[in-house]
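The values are calculated or read from the model by the stated rules, or taken from the named source; none is laboratory data. All figures in this text were calculated on a predicted structure; none of them were measured in a lab. Because the Cβ atoms are built from the backbone with ideal geometry, glycine has one as well, and the counts that use them run over all protein chains shown. Side chains included, ligands, DNA and RNA excluded: accessible areas come from the protein's heavy atoms. Shrake-Rupley method; radii C 1.70, N 1.55, O 1.52, S 1.80 Å.
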Amino acid sequence: MNRIHTFGSAFLTGACLLSGNVLAQSESWEMPRTSWGDPVIQGYWTNSSLVPLQRPTALGTKEFYSLEEYRENLRRAFEGETDETQAGTAADVHYQFDDYLMNRTADSIAPNLRTSIISNPSNGRLPEATGEALEKLEAYSVWREEHQWDSANTRGLSERCLIWGQEGPPILPLGYNSTYQFMQTEDYVILQLEMIHDVRIIPLDGGNPAKNSLPQWLGNSRGHWEGDTLVVETTRFSGRTDANGMRGVSLDSNNHVIERFTRVSEDTIDYEFTINDPTVWKQSWSGVYPFKAIDGPMFEYACHEGNYGIENILSGKRREELDRMEAAGQ
Amino acid sequence: MTGISIIFVKIKGLRIIDISESAVYSLMSYRGYTMLNKTLILCCLVFVAGPLQAQSTDIPRLAEGLPNISGIWQSLNNANWNLEAQVSQQGPLESLGAIGAVPPGQSVIRGGQIPYKASALDQRSQNYAARRTEDPEAKCFMPGIPRANYMPQPFQIFQTDTDIMMVYQFAGAVRTVYMDNHINAPLDGWMGWSNGHWEEDTLVIEVSGLNPNWLDRAGNFYTSAAKITERYTLLTPYHLNYEVTVEDPDVYEEPWTISMPLYRRVEESARLFDFKCVEFAEEIMYSHLTRENYFRDLGIDISGDSDE
């Protein structure tokens with residue numbers, strides 16, 4: 001919900017900010033430090049991006065766009081975003097994207113020349129899923145076809161305002177509200193995600209994240225500083241959230257995530273992650289993208305408190321069923 | 001902390017209490033006492049005087065001297081059931097038996113009662129009657145301030161170099177306390193907008209921009225006109241005095257004040273865990289729209305039907 005630059009300014013400034021994921025930094029820039037000496041990552045950040053998680057297959061192993069290609073992609077993305085609010089189309093039956101700053105082209109973005117967030121495997125795509133995962137995926141698909149309209153608790157987690165898959169970890173850009181507030185003390189880093197107002201409290205003792213833990217929606221995280229890089233290790237997820245792109249394939253204690261946050265300039269944190277769950281993917285996979293500094297504050301995201309979606313979806317479905325019964329003469 | 005620095009802190013502490021300071025220093029300066037003896041004297045005096053002067057001396061402090069209130073805190077009282085005095089009674093859900101009963105508790109309000117305007121008392125009564133389904137806590141709404149601080153679940157305070165963050169286990173509510181950049185609430189929210197400052201050893205937070213909310217399970221409430229002033233004062237390393245003044249000219253005759261201790265969760269394993277309570281609230285919010293209930297309420301038998 002913050003604007004550092006609009007699509008137009010991103011279009012213009014992107015060129016001088018980009019060099020893959022390692023952004024150019026001024027030679028005069030010095031790492032800001034806390035009163036106890038750690039790099040300052042406290043502040044407001046966005047990872048809003050038009051870079052997809054997975055690379056279009058046609059691009060093969062091409063890791064970066066040229067600046068000209070990037071500009072063209074932005075132009076097309078801009079057109080795509082505005083299409084969604086074109087009057088008289090089905091897509092128009094939605095929020096007013098511009099009014100609610102859900103139009104990414106009106107919001108801050110973290111410019112990035114990458115063709116995909118995924119950096120490993122080298123094709124920029126998710127690795128092959130295990131047979132076990134594929135079986136769960138199929139079973140969930142069958143179950144969902146039959147039960148998705150039954151009640152609130154058979155609807156999707158984000159629709160119910162419980163969690164968004166992109167909250168991670170790893171944290172991934174969302175279609176909107178890709179805003180974060182990082183806070184830090186000598187003993188903790190606290191990552192507040194705008195979505196669902198979720199908070200990750202990360203002790204900086206470098207201990208085993210599974211120790212003194214319970215299964216948690218966002219896993220159990222422990223962190224430590226390696227030089228000027230914050231390294232966060234997370235495991236023991238709740239078994240309630242889905243693996244990327246695979247609904248019904250849940251992540252639990254088998255899932256293990258390493259994140260690395262490195263502030264590389266006044267307005268950029270490089271973010272790298274590796275995720276490993278041998279029950280879901282046949283190999284680990286990694287990604288990289290920048291967080292971009294934005295002006296605060298970050299506003300409260302009260303999703304559940306204002307969730308008229310569940311009520312409307314279920315009552316709409318019941319009405320449809322009733323109409324069908326009446327048409328059939330029941 | 002070295003032995004010498006401990007002595008220094010204790011000396012500072014002694015200066016605050018009303019015992020014969022000159023006598024202490026006379027004793028200290030007596031030529032016949034070694035440093036060890038001086039230390040023992042001080043320790044004895046501190047031990048004797050400690051319970052009398054624990055406030056503001058033996059509290060943890062940040063490097064710059066401000067009280068360190070970081071940690072996990074929790075109330076231990078009946079306030080979330082009822083801020084006012086409450087005898088034990090049947091709870092809102094009889095089917096829970098004694099598990100759901102309301103325990104007794106004394107008022108945490110100075111003067112005992114909330115000075116409602118007459119019209120607002122009617123609203124409280126309506127709230128109370130509908131509490132099983134309409135209490136925002138039952139619906140898993142963010143609890144607002146001050147209720148978040150005396151719910152029967154812990155919350156954690158983080159003091160950063162600049163601002164303060166408070167994270168609540170209930171509903172994962174969170175708020176930033178802005179210590180420098182004080183602005184008027186740019187918009188309303190469930191947890192409001194918090195501007196904080198220190199008045200000597202007391203953290204004072206002015207909260208505004210709150211959505212209308214309940215203060216407890218008894219239906220006490222405030223409106224969006226509410227202005228909340230919180231005061232956090234460390235009494236000991238383990239006790240935080242929490243005082244709240246509530247102003248809302250729409251519903252109260254005059255401002256009124258809550259006062260209670262908050263307790264540090266001292267167990268080594270203490271931490272906040274998930275309490276994503278949305279899924280626990282869906283039954284009371286949406287069960288009338290399940291396929292089974294919806295058609296049952298319409299008197300339509302759907303047994304044997306599939307939903308497709």
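Considering only the stretch A:230-241, I want to know if a residue exists there that is more than 13 Å from chain B (Cβ to nearest Cβ) and assigned to a loop (DSSP other than H, G, I, E, B).
Residues of the stretch A:230-241 that are more than 13 Å from chain B (Cβ to nearest Cβ), as a first pass: A:230-235.
Right, trim to assigned to a loop (DSSP other than H, G, I, E, B) and you get none.
The answer is no; no qualifying residue exists.
Of the residues in the stretch A:304-319, how many are in contact with a Leu (Cβ under 9 Å, 6 or more places away or on another chain) and hydroxyl-bearing (Ser, Thr, Tyr)? Number of matching residues: 1.
Could you tell me whether B:GLU206 is more than 14 Å from chain A (Cβ to nearest Cβ) and surrounded by fewer than 16 Cβ atoms within 10 Å (Cβ to Cβ)? Here the answer is no, as B:GLU206 does not meet what is asked.
The residues in the stretch B:262-284 that are at the interface with another protein chain (Cβ under 7 Å from one of its Cβ atoms) and out of contact with any strand residue (DSSP E or B) (no Cβ under 9 Å at 6 or more places or on another chain) can be counted, and the count is 5. Within the stretch A:114-146, the residues that satisfy the criterion of being closer than 30 Å to A:LEU314 by Cα and exposed (fewer than 14 other Cβ atoms within 10 Å of the Cβ) are A:GLU135, A:GLU138, A:ALA139, A:SER141, A:VAL142, A:TRP143, A:GLU145, A:GLU146.
Tell me, please, whether a residue that is more than 20 Å from A:TRP285 (Cβ to Cβ) and either at pLDDT 95 or above or surrounded by fewer than 22 Cβ atoms within 10 Å (Cβ to Cβ) (or both) can be found in the stretch A:240-252. Yes: one or more hits.
Given the criterion within 14 Å of another protein chain (Cβ to nearest Cβ), modelled with pLDDT of 95 or more and under 23 Å from the mean Cα position of the chain (by Cα), identify the matching residue among A:ARG114, A:ARG155. Let's see the steps before the verdict.
Details: A:ARG114 fails: within 14 Å of another protein chain (Cβ to nearest Cβ).
That would be A:ARG155, the only listed residue that is within 14 Å of another protein chain (Cβ to nearest Cβ), modelled with pLDDT of 95 or more and under 23 Å from the mean Cα position of the chain (by Cα).
In the stretch A:287-330, of all residues being free of Cβ contacts under 8 Å to residues at least 40 places away in the same chain and within 17 Å of A:TRP164 (Cβ to Cβ), the one that is most open to solvent (accessible area, probe 1.4 Å) corresponds to A:GLY306.
Condition first: among the hydroxyl-bearing types (Ser, Thr, Tyr) and facing another protein chain (nearest Cβ under 8 Å). Can you find one or more residues in the stretch B:224-235 that meet it? The answer is no; no qualifying residue exists. Condition check for B:GLN123 on (1) farther than 12 Å from B:GLY219 by Cβ; (2) open to solvent by 10 Å² or more (accessible area, probe 1.4 Å): one failure, at (1).
The residues of the stretch A:150-187 that are open to solvent by 10 Å² or more (accessible area, probe 1.4 Å) and of a type in the set (Val, Ile, Thr), listed by number, are A:THR154, A:THR185.
Give A:ILE201, A:ILE190 a once-over and let me know the one that is within 30 Å of B:TRP190 (Cα to Cα), open to solvent by 10 Å² or more (accessible area, probe 1.4 Å) and β-branched (Val, Ile, Thr).
Details: A:ILE190 fails: open to solvent by 10 Å² or more (accessible area, probe 1.4 Å).
Just one listed residue meets the conditions, A:ILE201.
Scanning the stretch B:167-194 for residues that are open to solvent by less than 10 Å² (accessible area, probe 1.4 Å), under 19 Å from B:THR245 (Cα atoms) and of a type in the set (A, V, I, L, M) yields B:VAL177, B:MET191.
Looking for something over 19 Å from A:GLU321 (Cα atoms) and within 20 Å of the chain's Cα centre (by Cα) - is there at least one such residue anywhere in the stretch A:128-135? For the stretch A:128-135, residues over 19 Å from A:GLU321 (Cα atoms) and within 20 Å of the chain's Cα centre (by Cα): absent. Restricting attention to the stretch B:131-163 and to residues that are more than 9 Å from chain A (Cβ to nearest Cβ) and without any contact (Cβ under 8 Å) to a residue 60 or more places away in the chain, the residue that is farthest from B:GLY192 (Cα to Cα) turns out to be B:GLU134.
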